[in-house]
Structures are given as C-alpha cells and as structure tokens.
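I have placed the structure first, in the form of structure tokens, so that the comments after it can refer back to it.
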Amino acid sequence: MTQKRITCRDVQRACDRYNKAHGFNAHSIGFLQWGDVRGDGLYRPGLWVTVNTSGGIGSSYDLRGKTKRETIARIEAAMP
C-alpha cells in the first residue's frame, strides 16, 4: 500500500485546521503558517508562528518535524 504524497499545501491545511481549532486569526499570537518568509531567493519553506501583536514571527521548533508528514502529525496532536 502506497502512502499519499504530502505537499506544502497539506501542511498549510493542517495549519489552517489548527488556527481554526484555537480560534486564531492572522494577528493572533500563536497563529501558525507554512511558507518561505526568508526572502533570500531560495525556496525553503518552514513552519512559522506569530509571536507578538505587531505581527512578528518566529520558527515553530516545537511543532516542526523532520518531515512534512511528521510536522502534520505534531500540529494535529497540538489541537484541542
């Protein structure tokens, strides 16, 4: 049995479910997002969390797994 390929879109959907479960909007501390925010020309997406009310973000080391599949599992485990 082959497993479905996990894409960046799947991780973002997990982030959306997490944000909805916690009642977060884009300006809430704790809001999760998946994407490339570095702006250095290389595409290296990561898991980012809003850390202050001014919209500052930081890397979410607690929920980020070694693979996208593991990241999704950690996000889903952190939902209420």
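We did not get these values from a lab; they are worked out from the coordinates using the rules stated. Remember, it's a predicted structure, so these values are computed and weren't measured experimentally. Please note: Cβ atoms are built from the backbone with ideal geometry, for glycine as well, and neighbour counts cover all protein chains shown.
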For segment 8-77, evaluate the Debye formula with one uniform point scatterer on each Cα (no solvent term) and list log10 I(q)/I(0) at q = 0.12 Å⁻¹, rounded to two decimals. -0.28
Under a point-charge model restricted to the Cβ atoms of Lys and Arg (+1) and Asp and Glu (-1), what is the dipole moment magnitude of segment 8-77 relative to its Cα centre, in debye to the nearest 20? 180
Ignoring everything except DSSP H segments at least 4 long, calculate the 222 nm mean residue ellipticity for the chain; use -39,500 (n - 2.57) per segment, divide by total residues, nearest 500. -10000 deg cm²/dmol
Amide H neighbours of D36 under 5 Å, at least 5 residues apart or on other chains, H built in the peptide plane: list them. G46
